[in-house]
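Enquirer: The structure under discussion is supplied below as C-alpha cells; questions concerning it will follow.
The values are calculated or read from the model by the stated rules, or taken from the named source; none is laboratory data. No experiment lies behind these values; they were computed from the predicted model shown. Don't worry about glycine lacking a Cβ; one is built from the backbone with ideal geometry, like all the others, and counts go over all protein chains shown. The protein model used for the area step is the full one, side chains on, heavy atoms only, and it has no ligands, DNA or RNA in it. Shrake-Rupley method; radii C 1.70, N 1.55, O 1.52, S 1.80 Å.
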Amino acid sequence: MHKTVVTVLVTFVATSLLWIGGAVGLYLHFFGGEPPFRVSVRSPERVFRGEEFRVELDVENAGPEPITVASVDVYDSFLAGLELIDSEPAYRTRDHTLNFETLWLERPLAPDETLSVRLRLRAVESGLHGGHIEVCTRQERCTTVYAAVGVLEQDAGD
C-alpha cells in the first residue's frame with residue numbers, strides 16, 4: 001500500500017512538471033523573448049491647438065525571418081486631447097478596444113527592411129499629451145514606445 005501511494009505521488013508530480021514545462025516552453029516559443037523588430041518614434045515637441053501634425057514610427061525587422069506588422073495600438077492616454085485622423089500606410093480597419101485604438105495594417109516586412117508608419121493627428125485640447133504606442137506582429141509579439149507632444153494655445157495676435 002505504501003509503495004502504491006509513493007508511486008502514484010511520484011507519477012502525479014512528474015506528469016504535472018511535464019505539462020507545466022511544456023506549457024512554459026510553448027509560451028516562450030510563441031510569445032517570449034525579445035520581438036524580432038525594433039521601433040523608433042519621432043513626434044514634434046510642440047504644436048498649436050487646431051494644428052495637424054504627424055507622429056512617425058520606423059519599424060525595422062532586425063530578425064532573420066520575414067514578419068508581418070499586424071497592428072499599431074495607440075493608447076487613450078496619448079490620444080486624450082488629440083484626434084487620430086489617419087495613417088500612412090492606410091490601415092485596413094480600425095477598432096477601439098479597452099484603452100487603445102488599434103490600426104490593423106497587415107504589412108509584410110522582410111529582414112533588414114524598415115516600414116515607416118505615419119500617424120496624422122489633430123491637436124484638440126491644450127496641455128501635455130503623452131502615452132504608449134505599441135507595434136505588434138500577428139503572433140502578438142509587441143514593442144512599445146512612448147510619444148509626447150505639448151499642445152499650446154495660439155496667441156490672439158498670431
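Enquirer: I'm trying to understand the selection: among the residues of segment 99-149, which are among the aliphatic types (A, V, I, L, M) and farther than 14 Å from residue 89 by Cβ?
Expert: 110, 121, 123, 124, 128, 133, 145, 147, 148, 149
Enquirer: If I ask for residues that are at pLDDT 95 or above and open to solvent by less than 30 Å² (accessible area, probe 1.4 Å), which ones from segment 80-100 would you list?
Expert: Passing the criteria: 82, 84, 87, 89.
Enquirer: Return the residues of segment 119-158 that are open to solvent by 80 Å² or more (accessible area, probe 1.4 Å) and assigned to a strand (DSSP E or B); say none if nothing qualifies.
Expert: Result: 128, 132, 146.
Enquirer: Output the residues belonging to segment 118-139 that are of a type in the set (A, V, I, L, M, F, W, C) and farther than 10 Å from residue 81 by Cα.
Expert: 119, 121, 133, 135, 136
Enquirer: I've got another one for you. Answer yes or no: is there a residue in segment 46-56 that is touching a Ser or Thr at 6+ places or on another chain (Cβ under 7 Å), touching a residue at least 12 places away in the same chain (Cβ under 8 Å) and in a strand (DSSP E or B).
Expert: The answer is yes, given that some residue of segment 46-56 is touching a Ser or Thr at 6+ places or on another chain (Cβ under 7 Å), touching a residue at least 12 places away in the same chain (Cβ under 8 Å) and in a strand (DSSP E or B).
Enquirer: Might you check whether a residue that is within 19 Å of residue 56 (Cα to Cα), touching a Cys at 6+ places or on another chain (Cβ under 7 Å) and crowded, with 16+ Cβ neighbours inside 10 Å occurs anywhere in segment 105-117?
Expert: no
Enquirer: Within segment 57-75, restricting attention to residues that are in a strand (DSSP E or B) and of a type in the set (A, V, I, L, M), which residue is most open to solvent (accessible area, probe 1.4 Å)?
Expert: Only one residue tops the list, namely 67.
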